[in-house]
Amino acid sequence: MVETAKENRLDPFKYLVHVLATAKKLDLSQKDNVDLLLPENAPAECSVNFKK
């Protein structure tokens, strides 16, 4: 997951925090919910270039 985050220009730590926090709230038996955890669906805050 760390390497995939890097390849998608995401901060690995922020991406992992996002995935773990989001996954515990989802019904992961639903495919559409699993798709929400993919790197391309990560929030802007996970981006390496994100500025507040």
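The values are calculated or read from the model by the stated rules, or taken from the named source; none is laboratory data. If you're wondering where the values come from, they're calculated on a predicted model, not measured in any experiment. Backbone-built Cβ (ideal geometry, glycine too); neighbour counts: all protein chains shown. Side chains are part of the model used for accessible areas, which takes the heavy atoms of the whole protein and leaves out ligands, DNA and RNA. Shrake-Rupley method; radii C 1.70, N 1.55, O 1.52, S 1.80 Å.
Could you go through segment 21-32 and let me know if any residue there is at negative phi, open to solvent by 90 Å² or more (accessible area, probe 1.4 Å) and touching a residue at least 12 places away in the same chain (Cβ under 8 Å).
Of the residues in segment 21-32, the ones at negative phi are 21-32.
In the following step, the residues that additionally are open to solvent by 90 Å² or more (accessible area, probe 1.4 Å) were identified as 24-25, 29-32.
From what's left, touching a residue at least 12 places away in the same chain (Cβ under 8 Å): none.
There is no residue in segment 21-32 that is at negative phi, open to solvent by 90 Å² or more (accessible area, probe 1.4 Å) and touching a residue at least 12 places away in the same chain (Cβ under 8 Å).
Filtering segment 8-16 for residues that are out of contact with any helix residue (DSSP H, G or I) (no Cβ under 7 Å at 6 or more places or on another chain) and in contact (Cβ under 8 Å) with a residue 24 or more places away in the chain leaves a non-empty set. Being within 11 Å of the chain's Cα centre (by Cα) and hydroxyl-bearing (Ser, Thr, Tyr) is the filter here, so list the residues in segment 5-52 that pass it. Tyr15, Thr22, Ser47 - these are the residues of segment 5-52 that are within 11 Å of the chain's Cα centre (by Cα) and hydroxyl-bearing (Ser, Thr, Tyr).
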